Amino acid sequence: MIDSWPILSIVTFLPLAGVVFLLMIKGDKASIAQNARQVALWVSGFTFLLSLPLWIMFDANIIGYQFEEQAIWLPGTGIGYHMGVDGISMPFILLSTFLTPLAILASWRAIKLRVREYMIAFLVLETMMVGMFASLDMLMFYLFFEGVLIPMFLIIGIWGGKRRVYAAFKFFLYTLLGSVLMLVCMLLMYINAGTTDIPLLTAHQFTESLQFWLFLGFLASFAVKVPMWPVHTWLPDAHVEAPTAGSMILAGVLLKMGGYGFLRFSLPMFPIASDLFAPLIFALSIVAVVYTSLVALAQSDMKKMIAYSSVAHMGFVTIGIFTMTEQGIAGAMFQMISHGLVSAALFFCVGVVYDRLHTREISAYGGVAASMPRYAVFFMFMMLASVGLPGTSGFVGEMLVLVGAWHASSWVAFFTATGLVLGATYMLWLYRRVMFGEIVNDEVREMDPLEPREYLIFMPMTILVLLFGVYPMALLDVMAMSVQFVLNGLAASGLPLLALQ
């Protein structure tokens, strides 16, 4: 039976086997580059296929972890090799393995220098992402959590734009400084509980005073990763300078690490502190939703506009999580998966025209729909999904978050809803400027139509965004028991019943 295999370890470390193959490739530069692309695509594609049984075999009626793997790592210390998934982590693993081969396809022609090294960085990044979501040991989680920084730092710093070194170091320093405080808190937790096992730590009762400091330490790291206002400034720079595929993974998966951390650590392990700091989280998130939406309206660079929109959308996520309601938490989870697909697709939309005109300035375009009508359809669909059109996945997540926010506070719900209006404003403005109007640039008139490779990237993301919009229970059913487990833990901590409606 497949559930007896170490499937999580296989899915996690298979990309590293691809790295070994890449290091063994020999020949001239052209053949090495072409073979590196092929190996990376096949390995990442096979990894995705091997991850599908996690979804197929997952029992949505079980509270707890499935596909668990345990082994002694450091005897006598309470630190072990422990992997497993539940309804919170499993969708993120599938999201990571799904987007990686698409990102590699997006790099097929755009990356021409050091192709082998680029593909190695992407496969290492995939291992780190999957390992982080699958880890059930706190030390393992931290190693994978920090390990993500290295390949992404290289992807931005080597293959990025003109200010790539500045953007890479800013990304690295922001995220590393926050994580140092989290590491100190993890050491305190280990000293207090005598274990780094996440299920045991979840059951452990930390004192109220300790929860206060632990929450702040973890907040320092997760807030940067989300990113929350005002520690969001690294994100627009990183997105603008990163190659298209780097932006797809950064927005699609890496921004979800903070939200996942809140659900895995903050709420279940520090419930009293989470309730205490919820008003602060609401305030910072509302500022993020409103302020970054207004900043997005002022952008002249397509990529930077979509980057600011990501900050606004992740503000919805943090609001939903800290409503501590079933609808809010489920909506936040749904929104993270939806945003992972939609934002990756939007950044690819920018990459498609950038590869043809080599500019992201909105003023350089106009009338693109006349020369690339099918591209305009894909862009329109993802743009409408981003603003929450009913029938797309974006609508479901945002609506559930608003319902949860209403339970927490009508004012929180009101200010959160302003993000929907502002989001529609800047996305429709972007679409009108780029797609419609008179063609004034001859290069726009001569742009090549979409290639089969680009259809191959757009189609699966479009299908999933539509599927989850029309049939959201495909995702909500998987999450339901894990969300209920988090709520049960909050209720057991003695929080007011009103917060748990």
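The values are calculated or read from the model by the stated rules, or taken from the named source; none is laboratory data. Predicted, not measured: the structure shown is a model, and the values here were computed from it. In this analysis, Cβ positions are derived from the backbone assuming ideal geometry, glycine residues included, and neighbour counts consider all displayed protein chains. Heads up: the accessible areas ignore ligands, DNA and RNA and are worked out on the full protein's heavy atoms, side chains in. Shrake-Rupley method; radii C 1.70, N 1.55, O 1.52, S 1.80 Å.
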Pairs of Cα atoms under 8 Å, at least six residues apart: use those to get the relative contact order of the chain, whole percent.
15 percent
Quick one: net charge of VAL486's neighbours, Cβ under 15 Å, K/R +1, D/E -1?
-2
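What accessible area per residue, rounded to a whole number of Å², is obtained for region 281-346 using a probe radius of 1.4 Å? Could you put the intermediate results ahead of the total?
Numbers: 1100 Å² over 66 residues.
Here the per-residue accessible area is 17 Å².
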Within the under-10-Å Cβ sphere about SER179, not counting SER179, Lys/Arg +1 and Asp/Glu -1 give a net charge of 0
So which lysines pass the test for LYS303, namely a Cα distance under 17 Å, with those fewer than 8 places away in the same chain ruled out?
LYS162
What is the angle, in °, between the Cα long axis of helix 373-386 and the longest principal axis of the Cα atoms in the chain? Nearest 10 is fine, range 0 to 90.
20 degrees
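Could you tally the net charge around MET119, taking each other residue with its Cβ under 15 Å from the Cβ of MET119, Lys/Arg +1 and Asp/Glu -1?
+4
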Divide by every residue of the chain the summed helix terms, -39500 (n - 2.57) for each DSSP H run of at least 4, and state the resulting mean residue ellipticity at 222 nm, rounded to the nearest 500 deg cm²/dmol.
-24000 deg cm²/dmol
Any aspartates and glutamates with Cα under 12 Å of the LYS170 Cα? List them, leaving off those in the same chain fewer than 8 positions away.
ASP237, GLU241
Could you quote the convex hull projected area for the chain, Cα atoms only and averaged over all directions, in nm²?
22.0 nm²
Could you give the distance between the Cα centres of region 29-86 and region 390-431, to the whole Å?
34 Å
How long is the gain from ASP28 to THR233 if the chain were fully straight, where each residue apart is worth 0.36 nm and the alpha carbon distance is subtracted?
69.7 nm
Per residue, how large is the accessible surface of region 356-489? Use a 1.4 angstrom probe and give square angstrom.
46 Å²
Relative contact order of region 231-371, please, whole-number percent, based on alpha carbon pairs below 8 angstrom and at least 6 residues apart.
31 percent
LEU297 to MET380: FRET efficiency via 1/(1 + (r/R0)^6), r the Cβ-Cβ distance, R0 30 Å, to the nearest 0.05?
0.95
Set of aspartates and glutamates near LYS256 by C-alpha distance (under 17 Å), chain-local residues within fewer than 8 positions excluded
ASP86, GLU126, GLU146, GLU398
